[in-house]
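Working notes, structure below.
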Amino acid sequence: MKSFLTLAAERYSCRAFTKEPVADEDIQHILEAARLAPTAVNRQPVHIWVVQAREYRDKLKETSAYTYDAPVIFIVGCRPEDAWVRKYDGKNGAEIDAAIVGTHIMMEVADLGLGCTWVGSFDPAKLKEVLPQIGEWVPVAMFPVGHILGEPSARHSERKAMEDLVTKL
Ligand SMILES: Cc1cc2nc3c(=O)[nH]c(=O)nc-3n(C[C@H](O)[C@H](O)[C@H](O)COP(=O)(O)O)c2cc1C
């Protein structure tokens with residue numbers, strides 16, 4: 001079995017996909033990884049929309065320049081009313097919870113040998129217009145997923161040096 005560090009090192013943002021559909025079994029694995037993600041006080045204030053229908057995928061192109069014609073797009077949303085709130089400063093944990101769910105999605109996609117990109121650049125109002133199913137949920141991220149065609153971008157290998165990232169006290 002691959003170590004987590006190897007998986008983390010191999011994962012990259014994939015921005016081009018073959019036309020091959022993603023198997024239902026793989027979609028279920030991705031969703032299960034999302035379901036297992038930890039959330040603050042286990043509130044699970046998160047929902048996922050799995051967009052496969054061509055009609056909806058085409059509409060998603062109106063909401064973001066970054067859907068990359070993927071055969072399936074996962075959208076992660078959160079509901080701040082359901083989330084844990086830090087008492088000291090009122091910080092709402094919903095988007096953090098959604099980000100952890102999104103990270104589980106991304107890493108499971110990589111573990112399956114598929115590709116995806118975290119997409120934060122979308123128009124939330126337009127997204128709610130084209131997918132009214134989202135309702136009052138707050139969309140946090142989209143994940144176009146498919147079989148890998150693209151290479152890592154130049155940016156992929158740019159990481160801070162350990163000494164710039166970490167302070168040991
Ligand atoms: C919160 C977040 C938002 C992002 N939004 C986008 C996006 O809208 N479009 C896109 O192509 N990539 C997006 N990315 C991917 C990053 O550009 C990418 O992760 C970064 O450049 C490092 O490259 P790597 O993932 O290949 O290691 C996003 C990543 C994160 C974590």
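Remarks
- Within the chain, longest stretch free of exposed GluC sites (Glu not before Pro) [DSSP loop, at most 16 other beta carbons within 10 Å]: 63-135
- Theoretical gain in end-to-end length, Glu129 to Arg86 [0.36 nm per residue, Cα-Cα removed]: 12.3 nm
- Relative contact order of the range 4-152, defined on C-alpha pairs under 8 angstrom at six or more residues apart (%): 38
- Residue of Thr39, Thr117, Thr67 that the Gaussian network model of the chain assigns the largest fluctuation, springs spanning Cα pairs under 10 Å: Thr39
- Computed over the Cα atoms of the range 23-91, pair by distinct pair, the Kirkwood hydrodynamic radius stands at 14.2 angstrom.
- Gain on full stretching of the segment that runs from Ser3 to Glu25 - 0.36 nm per residue minus C-alpha separation: 5.7 nm
- Charge-dipole axis of the chain as Lys and Arg at +1 and Asp and Glu at -1 on Cβ define it, positive-most pick from Gln52, Pro38, Thr63: Pro38
- Prolate/oblate/rounded call for the chain, Cα gyration tensor, a/c under 1.5 rounded: oblate
- Choice from Leu131, Leu114, Leu31 with maximal GNM fluctuation in the chain (Cα, 10 Å cutoff): Leu131
- When the chain is described by a simple charge dipole with +1 on each Lys and Arg Cβ and -1 on each Asp and Glu Cβ, the residue from Ile75, Gly102, Asn92 located farthest towards its positive end is Asn92.
- Gyration tensor verdict on the range 89-169 (Cα atoms; rounded if a/c is under 1.5, prolate if a/b is larger than b/c, oblate otherwise): oblate
- Considering only Ala94, Ala141, Ala23, the Gaussian network model of the chain with Cα springs below 10 Å gives its largest mean-square fluctuation to Ala23.
- Dipole magnitude (debye, nearest 20) for the chain, charges at Cβ of Lys, Arg, Asp, Glu: 380
- Pairwise FRET efficiency - Arg155 versus Val41, Cβ, R0 = 25 Å, nearest 0.05: 0.10
- The lysine pair tally for the range 48-136, using Cα distances under 14 Å and a gap of 8 or more places or different chains, is 4.
- Loop-located chymotrypsin sites (Phe, Trp or Tyr not before Pro) in the range 73-167, at most 13 other Cβ atoms within 10 Å (DSSP): Tyr88
None of the figures in this text is laboratory data; all of them are computed from the coordinates on show. The model shown is predicted, which means the values in this text are computed figures rather than measured ones. Counting neighbours? That spans all protein chains shown, and the Cβs are built from the backbone with ideal geometry, glycine included.
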